[in-house]
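The values are calculated or read from the model by the stated rules, or taken from the named source; none is laboratory data. Being a predicted model, the structure only gives us computed values, none of them experimental. Because the Cβ atoms are built from the backbone with ideal geometry, glycine has one as well, and the counts that use them run over all protein chains shown.
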Amino acid sequence: MRPHAEIDAAELLEWQARGARVVDVREVFELLSGVIPGAESLPLSRFLDGVDGLAGAPVVFVCASGSRSRDAAAYMARQGFEHEVANFSGGMKGWREEGREVAPWRPPADRAEPP
């Protein structure tokens with residue numbers, strides 16, 4: 001088992017620039033307050049249903065504080081995910097505290113979900 005990485009905001013941007021997917025595991029109602037630009041949504045409550053769709057690239061998991069995303073990253077590492085996996089340990093709270101850009105969340109057109 002390859003352990004997952006714990007990364008900060010600057011490292012998240014580096015991972016993203018190298019092609020990593022940023023996956024926000026917060027619930028839909030939490031996303032309404034904004035997301036990291038380019039982030040995808042896979043709520044932890046539906047994580048096991050969507051985990052197969054994460055193949056193909058390294059993944060950085062994000063949540064509000066870094067706790068739920070740590071669980072998601074640890075799960076993927078235990079399952080032997082084929083690419084690098086990381087937890088953004090600061091979460092959206094840390095992202096905002098650093099004054100980083102926050103984008104409005106928009107559901108994918110093919111999976112529009114009401115708040």
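Below are the figures for this structure:
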| quantity | calculated |
| --- | --- |
| Residues of the stretch 49-75 satisfying the condition of being assigned to a helix (DSSP H, G or I) and aliphatic (A, V, I, L, M) | VAL51, LEU54, ALA72, ALA73, ALA74 |
| Test: residue in the stretch 68-80 that is hydroxyl-bearing (Ser, Thr, Tyr) and free of Cβ contacts under 8 Å to residues at least 40 places away in the same chain | yes |
| Test: GLY50 is modelled with pLDDT under 95 and under 21 Å from HIS4 (Cα atoms) | yes |
| Answer residue from the stretch 57-70, given it is out of contact with any Leu (no Cβ under 7 Å at 6 or more places or on another chain) and within 14 Å of VAL22 (Cβ to Cβ) and is surrounded by the most Cβ atoms within 10 Å (Cβ to Cβ) among those | PHE61 |
| Members of the stretch 13-48 that are among the hydroxyl-bearing types (Ser, Thr, Tyr) and either surrounded by 13 or more Cβ atoms within 10 Å (Cβ to Cβ) or part of a loop (DSSP other than H, G, I, E, B) (or both) | SER33, SER41 |
| Any chance TRP105 is under 21 Å from GLU14 (Cβ atoms) and either touching a residue at least 60 places away in the same chain (Cβ under 8 Å) or loosely packed, with under 14 Cβ neighbours inside 10 Å (or both) | no |
| Answer from VAL85, VAL35 - the residue that is under 12 Å from the mean Cα position of the chain (by Cα) and over 21 Å from ARG106 (Cβ atoms) | VAL85 |
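Residues are listed down the side, and each one gets a yes or a no for (1) at pLDDT 95 or above; (2) under 14 Å from ASP24 (Cβ atoms):
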site	(1), (2)
GLU40	yes, yes
GLY56	no, no
PHE61	yes, yes
GLU82	no, no
TRP95	yes, yes
GLU98	yes, no
TRP105	no, yes
PRO108	no, yes
